[in-house]
Structures are given as structure tokens and as C-alpha cells.
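See below for the structure under consideration.
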Amino acid sequence: MLNSKQFVVTAEIGPMKGIDTQEIMEDAECIKNKVDAINVTDLQSSVMRLGSMAVCHLLADRGIDTIFQLTCRDRNRLALQSDLLSAWVLGIRNVLALTGDHPTLGDHPDAMPVFDLDSVSLLRTISRLNEGFDMAGNQLKGAPDFFPGAVVNPGADTEAAFEMQIIKMEKKIEAGARFFQTQGIFDLNLFEKFMKRVEGFKIPILGGIILLKSAGMARFMNKNVAGVFVPEPLIKEMEVTKDKVKTSTEIASHLIKGMKDLCRGVHIMAIGWEKKIPQVLAEAGL
Amino acid sequence: MIVTKKREFNELMENIKNYGSVFLLGCSECAALCGTGGEPEVKAMKETLESEGKEVTGTFVAKSGCQVLGTKVELKPYKDAVEKADCIIVMSCGAGTQTAVELYENKPVFPANDSLFLANMTRLKMFDERCSLCGKCILDKTGGICPVTRCAKGLVNGPCGGSRDGFCEVSKDTPCVWQLIYSRLIKLNQLDSLKKISQPKSKSGHPRRQIPEDMKSKKEPIKKA
């Protein structure tokens, strides 16, 4: 997909706490013909939930291309490698390697933070598995052929944080990342600057789109979510509007249109508003 | 140094509720600096225990409680006092407590402190964790500032995306260590050292031992259970 010239769209589904998959399956059905692949998050925000691998498998069975999000937070190198092999035999082909939020941010703050590997060494490990070897150099009986991706945060808020995002991005590419998804973007000028900066890496980047649900949510993210900055005019728009869904959809589709000339695609994080994604894409002309 | 924190007194009293007499052992190194096991603290503990009706048969502040042989020699003159006591309370770190355990195999030993971490003392009684004794130093690659210890996730290839305004996602009071590393490497004009991929750390098994090469062939002083 990313090899073609086509503008790629991915979206994200966050499994729930429990085993009632009806709602996320409905969400997936609703968007499956509109997006190229669906990310399934791995215990997002460090909250204990149904696992990414199981949900990816269920979606794969429905013919949906999935991106298995895999964090370093909860598994050591044995479990990470084993889960990767398990994912492959369950029909999962794309994997997004992430560090993961710290457990203290979630609902089991006393959990042991593992972080045996980091996102860079996890990518290197995926590449090694693809080559037919585990981290210890042992040969595999049958090798997977994952398409590994990674994340980058173009909105890192200090010069040091931004420069280190770029350095780490280069390391991730060296370790085997073949595409990137970004944190949510609300300022196209800043995003354009970022894209210019990483132009030389020649790697497909999908710009992150977060659907705003309210002015309060935007303020909350500005205060609490690293790398997300919603400019005041957009917050005002959400505040004064009589139809939050309409305004949110307009903002998102405007951002997507703006990204068409800047990057290879978009990654939509609807955070509960998955059923609104088709409307956003229609307005963006996709 | 090892930072220790005094445990709740009622926890200690619960531990020794069945014993009438105690011997108190402090330590003049780290615990003394932390105010948890030097002369004044041992004296205060003696008074408190006595006011609670316990008999204190003797007290001693070891030079270095973690030094098994040295402490054994130092404690020789206290043989009778220790023997008279129903149990021993150790006011040092967990290493000191286990020195006493090794020296007095028939005597119950209880810790008066919780052992926290290896620290740099930045000001009087202010302690920062900067080294976690991981076993394989990478300070040569990170501008002399340790991300294994000072990054909440122990990341060795650069920061996660979670820092805000240069502070850690876990604690708003803790600077992102990668920010510190970056600033220092810029000053030293050594930023390139961050561009090479660092291999995942080997997590060596516990418990660890360090024996001089020339001692390895000799009979090892291992006590059988």
C-alpha cells in the first residue's frame, strides 16, 4: 500500500476493559472499507484491557488489514518475541513498535514497568525475526515477514526534545522501521517544518489526526498529552459551535486536506468517535 | 551511599512483640549520614524502646555494617550483651541487617529501616538516585549522565515521547534525563555519541557476587544452609 502513490488512511481502535467486543467490532465494520488498515492499541494509557493481538486477530478474520501495536511496557524480550511469532501465525502482518506509557499513568500504577527493550531495539528484534533469527541468534523454524512501523512526535515541545525525536527517528529507521505514524497534528505550519526536516529520510509518514470532541478535551490534551497542541482558535471554534460533531469533522477534514501535499497519508485517532470517520474522510475528499 | 528510611515504629514493635530484650546495632557510614542509624539515632531508639518496656542489653554502632568480617571483630567485646538479648534490631541498610544475620545464626534479627537506593547526597540529607548498579556502565556514551537510572523507563536510545516542557511524564518534578544528556552533549560538542544504536542492557541475575580473580581458584567461603 505504502509503495503505491495512493494517499494512505489508517485509523485506530482501542479495545475495552472486558470481553464484550460488540462495539469495537461495529466500529471496525463501519470504517473497514474507508481505511487501509486499523491500528489496535496495546493497553493504551497503561490501562488494563483486552489485548491488541486478540483484537487484531478478530479483525484479520474479517478481512481487515491490521497494525498490531506492541509496547515495551509489559513484556520482556522473551515475551515480546514470542508474542510477535504468535501474532504472525494469527494472521497479523503489520506491527507498530512503541515504548509505551509508564504504568504509573494507568489504572494499575503499582505494576512493574518492564522496558527490557526500547522501541529501537524492539524494531531491531522484529527485523531479526524477519531474517529468521531470534535476539540470541538462534535460528527460527519458519520466519515471519512483518512490516514494522514506528511513531514520532513532531510536536515535541522543547528544542532538545524535538532534536532527540529526530535522532531517535533515524535510529528507528536504521533498526528497520518502514513507516511512521505521528502524534496528533493541529498546526499544519509546524507539521510542514517537521516534514521538511525529515525529508531526507525518505520514509512514508502518516500524519496523526485526533478528532476533537469538545473545547474541554482540547484544553485537557494541551495540558496533559505530550506533543499535542491545539491552537486557541480551534478551541474557540469547538467552544462556540452548536454542533460539535460537525465542527470537529470540519477541523479534521481541513487538516487532512492540508496534509495531502505534505505526507504519505493520515492516521486517525477518533477516541470513541470511530463511526464518524467515514464522514471526516468524505469531507476531506477521500 | 545507601539511603535508608526509618520504618514505622509500630511496625518494629509488632515485629518484636514477643521479645523482652534487644541489642541495637547501628552503622557509622550511610545510615549515620541519613540520620537512621548513627550514634544519636541508636541512643534515641534505646530510650524509646526502654520507655516501651523493653530491656536494651547493649548498643553498638559498627564502622561499616556491610563489612561482615570487620563488624564481627568489632562486636567481639559485646558478646555477652548480644547473648543476653532476645533479638537484634539493626539500624542500617538491608546489607547491615544481613551481616548480623550471618554473625548470629540463632538470634532473630529485625530491620529498623527500609533500604531505598544508592544515592548522591546533593545537600545535607537530600538524596538523588543517579546510579542503579546495573552492572554495565554506559556513562561514556551518555555524557556521564545515566538514563538507565534516571529515565523512568530506563531507555538507552533516547527519550520516549512523553516529556512535557523538559519534565518526565511520570513526575512533573523530575527533569527528563534525556534533556539533561542532550544539553550536556551539546556543550561538549559530542551529540554524535547519541546517534549510534545502543544495545539492550543485559539484566544480570541476582544475587551477584564479585570475587578477585586470584581468589576464584581457592575454596569459596560459601555457607551451606
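Laid out as a table, the results:
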item	result
Sparse-neighbourhood loop sites, trypsin sites (Lys or Arg not before Pro) in region B:77-144 - DSSP loop, at most 13 other Cβ within 10 angstrom	B:Lys125, B:Lys136
Neighbour-count order for B:Asp128, A:Asp116, B:Asp192, fewest beta carbons within 10 angstrom listed first	B:Asp192, B:Asp128, A:Asp116
Taking all pairs of distinct alpha-carbon atoms in region B:133-194, Kirkwood radius in angstrom	11.8 Å
Shielding by partners, peptide A:120-130 (average Cβ within 10 angstrom, other chains)	2
Top positive-direction residue, dipole computed over the protein assembly as shown with Cβ charges, set A:Ile271, A:Asn138, B:Met1	A:Asn138
Hits among lysines - C-alpha to C-alpha of A:Lys223 under 24 Å, sequence gap 8 or more where chains match	A:Lys193, A:Lys213, A:Lys236, A:Lys244, B:Lys153, B:Lys172
Exposure rule at most 10 other beta-carbon atoms within 10 Å, DSSP loop trypsin sites (Lys or Arg not before Pro): chain A longest free segment	A:6-140
Shielding by other protein chains, B:186-193, mean Cβ within 10 Å	1
Fraction of antiparallel bridges per DSSP, region B:2-116 only, in percent to nearest 5	15 percent
Whole-Hz couplings from phi, Karplus 6.51/-1.76/1.60, listed for region B:30-43; x for Gly and Pro	4, 4, 5, 5, 7, x, 10, x, x, 3, x, 6, 5, 5
222 nm mean residue ellipticity, helices alone, for chain A (DSSP H n ≥ 4; -39,500 (n - 2.57); rounded to 500)	-12500 deg cm²/dmol
Candidates B:Cys66, B:Cys30, B:Cys137: whichever shows maximal mean-square fluctuation once chain B is modelled as a Gaussian network with Cα springs under 10 Å	B:Cys137
B:Leu188 versus B:Thr122: modelled label distance in nm, points set 7 Å from Cα along the beta carbon direction	2.0 nm
Listed residues B:Ser132, B:Pro207, B:Asn157: farthest to the positive end of the dipole of chain B (Cβ charges)	B:Asn157
Rounded to the nearest 20 debye, dipole of region A:8-283 from Cβ charges on Lys, Arg, Asp, Glu	340 debye
Residues A:Phe194, A:Phe146, B:Phe117, sorted so that the one with the fewest Cβ neighbours within 10 Å comes first	B:Phe117, A:Phe146, A:Phe194
Area projected by the alpha carbon convex hull of the protein assembly as shown, averaged over all directions, nm²	30.9 nm²
Order of A:Ile126, B:Ile89 under a 10 Å beta carbon neighbour criterion, fewest first	A:Ile126, B:Ile89
Global geometry of region B:1-123, whether rounded, prolate or oblate, following the gyration tensor of its Cα atoms and the 1.5 cut on a/c	oblate
Loop-located GluC sites (Glu not before Pro) in region B:63-126 whose Cβ has at most 15 other Cβ within 10 Å (DSSP)	B:Glu105
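A short reminder: the numbers here are calculations on the coordinates, not readings from a lab. Here the structure is a predicted model, which means the values were calculated and not measured. Neighbour counts run over all protein chains shown; Cβ positions are idealised from the backbone, glycine included.
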